[in-house]
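The values are calculated or read from the model by the stated rules, or taken from the named source; none is laboratory data. None of these values were measured; they are calculated from a predicted model. Please note: Cβ atoms are built from the backbone with ideal geometry, for glycine as well, and neighbour counts cover all protein chains shown. The area values use the complete protein model at the heavy-atom level, side chains included, leaving out ligands, DNA and RNA. Shrake-Rupley method; radii C 1.70, N 1.55, O 1.52, S 1.80 Å.
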Amino acid sequence: MANLFRFGVSLEKKLLDEFDVLIKKKNYSNRSEAFRDLIRQELVKEEWQGKGEVVGAITLVYDHRKRELINTLTNIQHDFQGTIISSQHIHQDHDNCLEIIIARGAVKDVVNLADTLKSVKGVKHGAMNMSSTGKGIK
Ligand code: NI
């Protein structure tokens, strides 16, 4: 790793013990990697507070037999075609579908798309994972 800097961090013993338990549970090989991930997570959160381009993965679970549900979801996606860069539909079982929609654009557009899709009547679960174009993160 080029330009690697070391710095000391002072923590209460109890907090460090809790951190060690947490990072072991999450399979980090060492504190440094866990700490780097925490920093990156905060940088992504910061991106979502700004005016730049962000990336989000929206997941929806719904029963495709509900009347008009598919049409409504499709109409919304056509209205946001400039924001959606990819989508995938998985038939989970006889009734339930999982749709994963990848959106990229201004925060307000990505959030508006996610909120609009999640709030459609009949959607059993909707969530958005806030991610990044990666340009602002090393
Ligand atoms: Ni399906």
**Item:** So T72, is it part of a helix (DSSP H, G or I) and within 16 Å of the ligand (Cβ to nearest atom)
**Value:** yes
**Request:** Inspect region 47-67 for any residue being open to solvent by 60 Å² or more (accessible area, probe 1.4 Å), within 16 Å of the ligand (Cβ to nearest atom) and either free of Cβ contacts under 8 Å to residues at least 12 places away in the same chain or closer than 19 Å to T133 by Cβ (or both) and give the result as yes or no.
**Result:** yes
**Item:** Scope region 6-20; condition surrounded by 10 or more Cβ atoms within 10 Å (Cβ to Cβ) and of a type in the set (D, E, K, R); matching residues
**Value:** D17, E18, D20
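Just a yes or no: is a residue in region 118-126 away from the ligand (no atom under 16 Å from the Cβ), within 11 Å of A57 (Cα to Cα), small (G, A, S) and free of Cβ contacts under 8 Å to residues at least 60 places away in the same chain? Spell out the reasoning first.
Our first condition is that a residue be away from the ligand (no atom under 16 Å from the Cβ); within region 118-126, this holds for 118-119, 121.
Remaining after also requiring within 11 Å of A57 (Cα to Cα): none.
No, region 118-126 contains no residue that is away from the ligand (no atom under 16 Å from the Cβ), within 11 Å of A57 (Cα to Cα), small (G, A, S) and free of Cβ contacts under 8 Å to residues at least 60 places away in the same chain.
I need a count of the residues in region 88-117 that are closer than 14 Å to L60 by Cα and in a helix (DSSP H, G or I).
Filtering region 88-117 for residues closer than 14 Å to L60 by Cα gives 88-92, 95-103, 113-117.
Cutting the leftovers down to in a helix (DSSP H, G or I) gives us 113-117.
Of the residues in region 88-117, 5 are closer than 14 Å to L60 by Cα and in a helix (DSSP H, G or I).
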